[in-house]
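Okay, structure first, notes after.
The values are calculated or read from the model by the stated rules, or taken from the named source; none is laboratory data. No experiment lies behind these values; they were computed from the predicted model shown. Quick reminder, even Gly has a Cβ in these numbers, built from the backbone with ideal geometry, and neighbours come from all protein chains shown.
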Amino acid sequence: MAVIGFLGCMGGMFWLAYKSLGIDHLSDEEIRDGRACTAAVLSIEDTGSILNDDTVYEFTLRVQPSDGTGYEATVRDALNSVEAGRVGAGTTEFRCVIDRDEASRIEVFWSD
């Protein structure tokens, strides 16, 4: 029982860390049920925060759903050095999924 309690506490701490930094990832089910899109990076800003050795950035995106009108959105995400290098090297468009119930919730696939 002690191990289960410890793992529960650790999971809660990671969840709290992500929420406090403004990072909101979609669940596997939300990704499966979401709307396909592409996201063009309009701007990127280093927030100065680090999470699990990854740098947290704030992105302004131009989101283009495959089934609708495009819009601008701001998201925060933690990227490793390889992912950040892709954005910095000029890769500006990425595959993404929009939550069906809340269009401001976007999961960007930085490594695809």
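Summary of values
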{"quantity": "Flag for Tyr57 being under 15 Å from Val108 (Cβ atoms) and over 15 Å from the mean Cα position of the chain (by Cα)", "calculated": "no"}
{"quantity": "Conditions (1) at pLDDT 95 or above; (2) farther than 14 Å from His25 by Cβ; number of the one not met by Thr91", "calculated": "(1)"}
{"quantity": "Of all residues making up the stretch 70-112, the number that are closer than 15 Å to Leu42 by Cα, in contact with a Lys or Arg (Cβ under 7 Å, 6 or more places away or on another chain) and among the basic types (Lys, Arg)", "calculated": "0"}
{"quantity": "Of all residues making up the stretch 56-112, the number that are under 17 Å from Arg32 (Cα atoms), among the charged types (D, E, K, R) and not in a loop (DSSP other than H, G, I, E, B)", "calculated": "2"}
{"quantity": "Matching residues in the stretch 41-51 - criterion: being surrounded by 16 or more Cβ atoms within 10 Å (Cβ to Cβ) and over 11 Å from Arg76 (Cβ atoms)", "calculated": "Val41"}
{"quantity": "When residues of the stretch 92-112 are limited to those that are more than 13 Å from the chain's Cα centre (by Cα) and within 13 Å of Leu61 (Cβ to Cβ), the one surrounded by the fewest Cβ atoms within 10 Å (Cβ to Cβ)", "calculated": "Glu93"}
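Rundown of residues vs (1) exposed (fewer than 11 other Cβ atoms within 10 Å of the Cβ); (2) in contact with an Asp or Glu (Cβ under 8 Å, 6 or more places away or on another chain); (3) at pLDDT 95 or above, yes/no style:
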{"site": "Ile4", "(1), (2), (3)": "yes, no, no"}
{"site": "Cys9", "(1), (2), (3)": "yes, no, no"}
{"site": "Leu21", "(1), (2), (3)": "no, no, no"}
{"site": "Glu30", "(1), (2), (3)": "no, yes, yes"}
{"site": "Ala39", "(1), (2), (3)": "no, yes, yes"}
{"site": "Val63", "(1), (2), (3)": "no, yes, yes"}
{"site": "Gly70", "(1), (2), (3)": "no, no, yes"}
{"site": "Arg76", "(1), (2), (3)": "no, yes, yes"}
{"site": "Gly85", "(1), (2), (3)": "no, no, no"}
